[in-house]
Amino acid sequence: MNSTEKMNTIDLVNKNLAKRYRAEKRFKAYGIASIGFGLLCLVFLFTDIIGKGYTAFVQSYIQLEVNLDADTLDISDPSDPNQIAGANYMGVVKKALRERFPDVSGRRDKRKLYRLVSNGSGFDLRKMLEADPSILNTKQTIWLIADDDIDTYIKSASKDGKVFTGRVDEQAQGWVKSLIDNDEVETRFNTVFFTNGDSREPEQAGIRGAIMGSLFTMFVTLILSFPIGVAAAVYLEEYAPKNKWTDLIEVNINNLAAVPSIIFGLLGVAIFIGMFGMQRSLPLVGGMVLTLMTLPTIIISSRAAIKAVPPSIREAALGIGASKMQMILHHVLPLAMPGMLTGAIIGLAQALGETAPLLMIGMVAFIVDIPGGVADPATVLPVQIFLWSDSPERAFVERTSAAIMVLLGFLIIMNALAVWLRKRLERRW
Amino acid sequence: MEATASVDNAAQAEESKLKTMKEEVIAQPSVDDVQGTVGTPFVENAKMSMRDVNVYYAEKQAIFNVGLDIGKNEVVAMIGPSGCGKSTFLRCLNRMNDTIDICKVEGSLTLEGQDIYDPKLDVVPLRARVGMVFQKPNPFPKSIYDNVAYGPRIHGLTSRKAELDEIVETSLRKASLWDEVKDRLQAPGTGLSGGQQQRLCIARTIAVSPEVILMDEPCSALDPIATAKIEELIAELSENFTIAIVTHSMQQAARVSNRTAYFHLGKLIEVNDTEKVFTNPEHELTEAYITGRFG
């Protein structure tokens with residue numbers, strides 16, 4: 001009786017066993033499927049962005065024989081810097097183009113011809129002349145930046161598949177072909193993209209201004225939010241009595257973390273700009289608005305890090321007569337530092353990608369100059385992406401994707417830094 | 001009316017019958033009618049003396065009217081079943097209970113006649129005079145040297161490197177750890193074995209030259225060999241320091257202490273010379289505990 005009962009139990013267990021293992025396999029498969037889906041989305045996103053954007057890292061240049069004669073440049077006295085600065089550089093470029101394609105006649109065709117090169121080419125010539133005045137009245141072989149439409153056409157022509165002509169008509173295509181056949185077109189690494197500020201002309205537009213703006217904004221955010229966040233966390237964890245007030249504060253910090261970021265932007269407009277009369281578009285104001293947004297993240301992660309310090313370490317310090325401040329400064333904070341830094345970097349990475357609140361405080365303005373400090377008008381990377389994605393020019397599409405790549409690069413670097421710092425500073429006990 | 005009364009009576013009779021049965025089985029003497037402490041809780045040359053100490057955690061009372069003296073250069077062991085309040089009492093002696101918000105201490109606790117719960121008294125120098133060694137070895141995640149030097153540094157005992165080196169060396173020697181670590185003073189303290197870590201904690205405590213050392217089950221996380229070393233050390237340290245030790249091991253209490261205090265459910269039942277407690281206890285509760293009938 002007893003043994004048969006036992007047999008039955010075992011049989012029942014065995015019978016269920018297969019079912020249990022199947023359920024377990026399914027359970028695991030759900031997880032794998034979720035991860036796979038996530039990875040697939042990520043791959044799709046990256047291929048899309050990189051596929052659209054990688055061409056922005058190269059730029060077409062057109063070779064021209066430019067005669068820098070003083071007459072066409074309208075320079076009578078080469079020692080006068082005002083004349084050098086105000087000279088008619090586009091005149092010599094146009095003349096060079098006419099000489100390269102002598103059979104082009106008629107106003108309309110000539111205008112089309114002039115649009116082969118960027119109308120910012122004059123600045124490049126000016127820079128050359130300023131650097132080396134002896135080239136005045138000589139013939140120079142110069143590589144000039146191609147216009148964005150021409151650049152897009154050249155790049156798409158060098159790829160397989162459908163050629164994107166856009167606004168480049170057959171006549172202009174013929175000129176480009178003739179230039180290519182004579183090896184007078186070259187694609188080079190697009191340094192302009194990394195050294196220039198924003199521009200209406202895609203071929204002259206760069207992200208340097210946005211990167212500097214982002215750096216200044218992040219700097220302000222970091223130096224404000226980290227000390228304030230850590231101080232608040234230390235007080236709340238170590239000193240604050242546990243009562244209704246601290247409960248209320250805690251609930252509100254958690255609430256603050258969930259407030260939509262555009263609300264912080266409105267708050268910034270109302271307080272920093274409206275009440276304190278600060279200027280719009282400043283990294284200083286942007287940094288302060290993002291500080292409000294980042295603080296809850298830093299406070300919450302710092303509190304968690306402080307809580308994770310084992311009580312035995314606190315007791316050890318107090319037990320040999322350390323004051324509370326000594327206990328915190330010598331033992332709790334060093335042990336909590338990796339966690340707090342991780343929280344701060346993740347908070348900053350979040351702030352780096354933030355757009356909405358910065359739109360509210362005017363960092364969406366079109367700013368060509370590269371900011372030199374926190375009090376210079378600036379824009380930031382995500383806002384620059386937003387601005388370019390809204391532009392009608394075809395060449396801004398690839399630049400938008402390229403800017404997204406740069407932004408993602410910064411985010412990856414910051415997250416890697418967080419991981420590295422945590423590994424580096426982590427101490428075992 | 002009558003009917004209910006008879007039912008009540010029957011219930012009462014049943015209850016008392018159950019109670020006697022229970023007592024017969026466990027034969028556990030009741031602590032409710034313990035009045036005061038038997039034996040010799042008070043001594044002539046007291047270093048610390050505690051009178052009528054009551055400790056509360058919020059509403060719950062953990063210690064009831066405890067009075068005890070700790071004599072100069074004496075080792076007093078505190079034993080008793082889990083939750084009897086011996087650790088709580090020990091932690092009152094250098095105000096470590098201050099860190100627990102809900103803990104309230106009443107009564108008179110003095111160190112050489114000075115009230116240690118005087119609101120004007122600063123706990124920082126108090127803890128320099130009354131050091132503590134904890135149950136789990138808790139070295140700082142710093143080097144061995146810095147662990148020992150931490151106390152002298154924060155109290156500003158010396159500003160010269162040579163003097164600090166000397167303090168570190170003598171403390172490690174007193175904790176009989178010097179020979180094992182002298183070649184690797186800059187190695188992390190957390191890399192030592194459990195027993196070495198606990199001796200390091202003892203060295204850290206004696207580096208600030210306290211007058212009293214409180215030990216809260218210092219060997220409970222250690223193996224027998226490490227335990228034997230610590231016990232040896234306690235015997236040596238008692239020449240210079242006054243020691244109060246809480247322990248779960250009765251053998252340990254018997255080996256290291258001069259007097260033994262037996263706590264039970266927050267009351268101090270008996271204090272006597274260690275030999276007397278373990279051979280001829282005065283109180284039936286003590287006897288029940290040391291013979292292993294509960295605990």
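Summed for both chains, how many Å² of accessible area, to the nearest 100, are buried between A and B with a 1.4 Å probe?
1700
Taking the simple approach of a point 7 Å from Cα along Cα-to-Cβ for both residue B:183 and residue A:19, what is their distance in nm?
Here the modelled spin labels are 6.5 nm apart.
Please list, ordered by chain and number, the residues whose modelled amide H lies under 5 Å from the amide H of residue A:187; skip anything fewer than 5 residues away on the same chain.
When sequence neighbours closer than 5 places are left aside, the close amide H contacts are A:61.
Are there any residues in segment B:135-164 with a reduction of at least 50 Å² in accessible surface when going from the isolated chain to the assembly of protein chains? Probe 1.4 Å, please list them by number.
Flagged in segment B:135-164: B:138, B:140, B:141, B:150, B:154.
Roll a 1.4 Å probe over the protein chains and send me the accessible area per residue for segment B:62-192 in Å².
42
Roughly how much of residue A:147 is accessible, in Å² to the nearest 10, using a 1.4 Å probe?
For residue A:147, solvent-accessible area is about 20 Å².
Residues of segment A:298-335 losing 50 Å² or more of accessible area relative to the isolated chain, 1.4 Å probe, heavy atoms only?
Buried-area filter returns A:315, A:316, A:318, A:319, A:320, A:321, A:331.
Ordering A:294, A:138 from largest to smallest accessible area (1.4 angstrom probe), what's the sequence?
Descending order: A:138, A:294.
Please work out the C-alpha center-to-center distance from segment B:82-96 to segment A:130-183 and express it in whole Å.
87
May I ask you to list the lysines whose Cα is less than 18 Å away from that of residue A:110, ignoring any residue fewer than eight positions away on the same chain?
A:94, A:95, A:177
Counting only protein heavy atoms, what percent of the accessible surface of segment A:375-423 is carbon or sulfur at a 1.4 Å probe?
69
If you roll a 1.4 Å probe over segment A:68-226 with all protein chains in place, what percent of the accessible area is carbon or sulfur?
Carbon plus sulfur share of accessible area: 50 percent.
Just read off the accessible area of residue B:182 with the full protein assembly in place, 1.4 Å probe, to the nearest 10 Å².
100
Calculated FRET efficiency, residue A:79 and residue A:141, Cβ-Cβ r, R0 25 Å, to nearest 0.05?
That pair, residue A:79 with residue A:141, gives E of 0.45.
Using a 7 Å offset from the Cα along the Cα-to-Cβ direction at both residue A:54 and residue A:411, what is the distance between the two label points in nm, to one decimal?
2.1
Would you mind checking the pairs A:244/B:86; B:60/B:267; A:307/B:142; A:307/B:229 and listing those with alpha carbons more than 25 angstrom apart?
Those over the limit are A:244/B:86; A:307/B:229.
How do B:145, B:57 stack up against each other in accessible area, from largest to smallest, with a 1.4 angstrom probe?
B:57, B:145
Mind checking segment B:107-149 for trypsin sites (Lys or Arg not before Pro) that DSSP puts in a loop (not H, G, I, E or B) and that have at most 10 other Cβ atoms within 10 Å?
Filter output for segment B:107-149: B:120.
Quick one: which bits of segment A:381-429 get at least 20 Å² less accessible when the partner protein chains are in, versus the chain alone, with a 1.4 Å probe?
Correct list: A:427, A:428, A:429.
Kindly report the accessible area of segment A:381-427 per residue (heavy atoms of protein chains, probe 1.4 Å, no ligands, DNA or RNA), in Å².
So segment A:381-427 comes to 54 Å² accessible per residue, rounded to a whole number.
How far apart, in nanometres, would the label points at residue A:171 and residue A:326 be if each is projected 7 angstrom from Cα along the Cα-to-Cβ direction?
Reported label-point gap for residue A:171 and residue A:326 is 8.8 nm.
Can you give me the accessible area per residue for segment A:16-169, using a 1.4 Å probe, in Å²?
62
Within 10 Å of each Cβ in peptide B:121-131, how many partner chain Cβ atoms are there on average? Round it to a whole number, please.
For this peptide, the per-residue mean of nearby foreign Cβ atoms is 3.
What FRET efficiency would be calculated for the residue pair residue B:273, residue A:350, taking the C-beta separation as r and a Förster radius of 60 Å, to the nearest 0.05?
Using R0 = 60 Å, I get an efficiency of 0.35.
Nearest-5 percent of antiparallel DSSP beta bridges in chain B?
55
Return the calculated 222 nm mean residue ellipticity for the protein assembly as shown, to the nearest 500 deg cm²/dmol, obtained by summing -39500 (n - 2.57) across DSSP H runs with n ≥ 4 and dividing by the residue count.
Using -39500 (n - 2.57) per qualifying helix, the result is -17000 deg cm²/dmol.
In the Gaussian network model of chain B, springs joining C-alpha atoms below 10 Å, which of B:161, B:229, B:267 carries the largest mean-square fluctuation?
Comparing B:161, B:229, B:267 in the GNM, the peak value goes to B:161.
Between A:51, A:31, A:161, where does the largest GNM mean-square fluctuation fall for chain A, given springs only between Cα atoms within less than 10 Å?
Per the Cα network of chain A with a 10 Å cutoff, A:31 tops the list.
So how far, in whole Å, is the C-alpha centre of segment A:33-74 from the one of segment A:81-125?
Using only Cα atoms to place each centre, the spacing works out to 25 Å.
Among A:236, A:318, A:411, which one moves the most in a GNM of chain A with springs linking Cα atoms closer than 10 Å?
Between A:236, A:318, A:411, it is A:318 that shows the largest mean-square fluctuation.
Rounded to the nearest 10 Å², what accessible area does residue A:276 have for a 1.4 Å probe in the complete protein model?
130
Using a 1.4 angstrom probe on heavy atoms only, work out the carbon and sulfur share of the accessible area of chain B in %.
50
Tell me which aspartates and glutamates have Cα within less than 18 Å of residue A:324's Cα, excluding those fewer than 8 residues away on the same chain?
A:237, A:238, A:315, B:98, B:101, B:122
Between residue B:60 and residue A:246, what is the FRET efficiency for a Förster distance of 25 Å, r being their Cβ-Cβ separation, to the nearest 0.05?
After rounding, the FRET efficiency stands at 0.60.
The values are calculated or read from the model by the stated rules, or taken from the named source; none is laboratory data. This structure is a prediction, so every number in the text was calculated from the model and none was measured. Reconstructed Cβ throughout: ideal geometry from the backbone, glycine too, with neighbour counts over all protein chains shown. Side chains included, ligands, DNA and RNA excluded: accessible areas come from the protein's heavy atoms. Shrake-Rupley method; radii C 1.70, N 1.55, O 1.52, S 1.80 Å.
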